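Engineer: Submitted below is the structure of interest, expressed as structure tokens.
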Amino acid sequence: MSVAGEIDLYTAPRLHSELMSALPADSQVRLVVDMSKVDFCDSTGMNVLLAAHRRAREHGGDLQLAGPRSATRKVLQVTGLESVFTVIDDPAELAGQ
């Protein structure tokens, strides 16, 4: 899944809906969220990503973040979420998987 623009109070509900649709409760899904085009992500956006990650893990799946820009990476580091999510530096690395 690719996300672009800003993830904030106004856009987070749509992202939440899309992520929940991509993570059916009854299956093991490995979802990679390409963050390389995200300009901004606030705490609301991080909470949506965290909830989706939790849902995926509860059902034996995983949610990974790919290519977060420096501002998003900093939020992940400051909040300690960088150790919760698997973060892939370059979304192009996924082409072979």
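Engineer: Starting at the first residue of region 67-83, write each ³J(HN,Hα) from the Karplus equation 6.51 cos²θ - 1.76 cosθ + 1.60 with θ = phi - 60°, in whole Hz, x for Gly and Pro.
Structural biologist: Karplus-based 3J(HN,Hα) across region 67-83 equals x, x, 5, 4, 5, 5, 4, 5, 4, 4, 5, 5, 7, x, 6, 4, 8 Hz.
Engineer: Per-residue HN-Hα couplings for region 9-18, Karplus 6.51 cos²θ - 1.76 cosθ + 1.60 at θ = phi - 60°, whole Hz, x for Gly and Pro?
Structural biologist: 3, 7, 9, 4, x, 5, 4, 4, 4, 5
Engineer: Same structure, new question: Taking neighbour counts of Cβ atoms within 10 Å as a proxy for exposure, in what order, fewest first, do 72, 86 appear?
Structural biologist: Ordered by Cβ neighbours within 10 Å, fewest first: 86, 72.
Engineer: How much of the calculated P(r) for region 2-92 lies past 24 Å, in percent of all Cα pairs?
Structural biologist: In whole percent, the long-distance tail amounts to 11.
Engineer: Still on this model: Using 0.36 nm per residue of separation minus the Cα-Cα distance, give me the extension gain between residue 69 and residue 42 in nm, one decimal.
Structural biologist: 8.4 nm
Engineer: Would you compute, from DSSP H runs of 4+ residues alone, the mean residue ellipticity of the chain at 222 nm, taking -39500 (n - 2.57) per run and dividing by the full residue count, rounded to the nearest 500?
Structural biologist: After summing the helix terms and dividing by the residues of the chain, the value is -12000 deg cm²/dmol.
Read-outs: derived from the displayed coordinates by stated rules, not from any lab. Predicted, not measured: the structure shown is a model, and the values here were computed from it. All Cβ positions, glycine included, derive from the backbone under ideal geometry; neighbour counts span all protein chains shown.
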